[in-house]
Structure formats: structure tokens, C-alpha cells
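In what follows, a structure is listed as C-alpha cells, so that the remarks can point back to it.
All of the numbers you see were taken from the coordinates with simple rules; none came from a lab. These numbers come from a predicted model, not from an experiment. Cβ: placed from backbone, ideal geometry, glycine included. Neighbour counts: every protein chain shown.
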Amino acid sequence: MPIDPSLPFLPVNIAVLTVSDTRDMASDRSGQILQDRIEAAGHRCVAREIAKDEADLIEAVLRRWIADPAVDCVISTGGTGITGRDVTPEAFQRVLEKQIEGFGELFRMLSYAKIGTSTMQSRAIGGVADGTYLFALPGSTGACKDAWDDILVFQLDARHRPCNLVELMPRLREHLKAA
């Protein structure tokens with residue numbers, strides 16, 4: 001995937017949310033992997049939290065970060081499976097204005113090459129709310145690495161061609177200005 005070196009790199013402010021009933025900051029390997037990759041790519045990890053697998057709690061964190069002008073993008077890890085406690089996609093649906101269907105489709109396509117049909121259990125999703133990008137990833141470290149290394153590192157780089165999500169950021173709130 002081509003990076004145009006003649007264009008400037010524009011750091012993105014990214015918040016990381018781990019959804020788990022059992023993790024704390026010391027044991028949150030997936031959240032740490034995301035933070036490390038975000039910072040290694042030159043972006044800023046402006047916030048990192050853990051929320052229990054409860055839709056209301058997840059939604060509250062998302063709404064707080066969506067309202068914060070210092071947060072351009074939220075990446076969550078965990079709670080995207082199909083068990084009774086997996087409610088991250090439902091919480092995301094409560095706040096999303098537009099879903100980016102291609103993100104989940106692409107994630108599952110890439111994941112299929114590594115874990116086969118088990119990828120069907122992932123409900124990874126992406127979208128936009130009030131000018132903030134939102135991506136929900138599975139809780140495994142492998143899934144976080146795959147989503148970042150194979151999708152997000154490119155789409156969150158303003159130099160990526162033929163297009164990227166960063167170049168759209170100034171236009172994400174157009175509909176709100178007209179109201």
C-alpha cells in the first residue's frame with residue numbers, strides 16, 4: 001500500500017478503550033499493544049481506559065471521547081464476540097452516525113487468512129460519530145495487531161494513497177454545520 005513521501009505526516013489523536021470484566025492496566029496486553037503501535041506510528045495516544053462489558057458504561061466512555069475535541073479516533077478492544085457479555089457493537093451502534101461497513105468486512109477477510117472460519121465470530125465494526133472515528137476490535141492481541149498493522153496504520157496515515165481517512169476528517173462534521 002503506497003505511502004506518498006512528498007506529503008506531510010499528520011499525527012492523529014487516538015483514545016484506546018479496553019472492554020473487559022477481568023483486565024486492569026497491568027494485565028491489559030491488547031490495549032498496550034494498540035498504544036505501542038499508535039505511538040510507534042507517530043500518532044498520539046491521548047487517553048486509555050478500561051470499561052466493564054456493560055453497554056451503558058461503554059457508551060458513556062464513547063460519548064465522552066466523541067465530545068472531546070482532543071480525540072480524533074477511538075479504538076476499542078474486546079467485547080465483539082457473540083457471548084452474552086459481548087456488547088461492544090451494541091454500545092457502538094447507540095452512538096454511530098454512520099457505519100463504515102468495509103472495516104468489519106476487511107477485518108474478517110484478513111482474519112480469515114489467519115484463523116479460518118473462526119473469524120465469523122467477530123463482530124468488529126467501524127464508524128463515525130460527530131466527526132470522531134470509532135473502531136471496535138476483538139480482544140485478542142492477534143486481532144489488535146492484525147487490525148492495526150493491516151488496516152488502521154494505513155487508513156490513519158494522511159500520506160496513504162489512493163485515499164485515507166485522515167484526509168476526510170475536516171469534512172466529517174459538514175452535516176452538523178448546515179443544521
Subset of the range 42-69, residues acidic (Asp, Glu) and either in a loop (DSSP other than H, G, I, E, B) or in contact with a Phe, Trp or Tyr (Cβ under 8 Å, 6 or more places away or on another chain) (or both), comes to Asp53, Glu54, Asp68
Of the residues in the range 70-124, those that are in contact with a strand residue (DSSP E or B) (Cβ under 6 Å, 6 or more places away or on another chain), among the polar types (S, T, N, Q) and either part of a helix (DSSP H, G or I) or loosely packed, with under 14 Cβ neighbours inside 10 Å (or both) come to Thr88
### Task
Evaluate the range 152-159: report whether one residue or more is surrounded by fewer than 20 Cβ atoms within 10 Å (Cβ to Cβ) and acidic (Asp, Glu).
no
Within the range 33-47, of all residues that are out of contact with any strand residue (DSSP E or B) (no Cβ under 9 Å at 6 or more places or on another chain) and either in contact (Cβ under 8 Å) with a residue 60 or more places away in the chain or of a type in the set (Lys, Arg) (or both), the one surrounded by the most Cβ atoms within 10 Å (Cβ to Cβ) is Arg37
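Among the candidates Ala124, Ala143, Ala136, Ala158, which residue alone is in contact (Cβ under 8 Å) with a residue 60 or more places away in the chain and in contact with a Lys or Arg (Cβ under 8 Å, 6 or more places away or on another chain)? Show your work before the answer.
Values: Ala124 fails: in contact (Cβ under 8 Å) with a residue 60 or more places away in the chain; Ala143 fails: in contact with a Lys or Arg (Cβ under 8 Å, 6 or more places away or on another chain); Ala158 fails: in contact with a Lys or Arg (Cβ under 8 Å, 6 or more places away or on another chain).
Only one candidate qualifies: Ala136.
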For the structure I just gave you, tell me whether Asp28 is more than 17 Å from Leu134 (Cα to Cα) and either under 12 Å from the mean Cα position of the chain (by Cα) or not hydrophobic (A, V, I, L, M, F, W, C) (or both). yes
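Can you pull out every residue in the range 26-41 that is assigned to a loop (DSSP other than H, G, I, E, B) and within 17 Å of Gly79 (Cα to Cα)? If you could, list the steps in order and put the result at the bottom.
Here is the first cut: in the range 26-41, the residues assigned to a loop (DSSP other than H, G, I, E, B) are 26-28, 41.
Scanning the range 26-41 gives Ser27, Asp28.
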Of those in the range 7-25 that are in contact (Cβ under 8 Å) with a residue 60 or more places away in the chain and over 14 Å from the mean Cα position of the chain (by Cα), the residue nearest to Ser140 (Cα to Cα) is Ser20
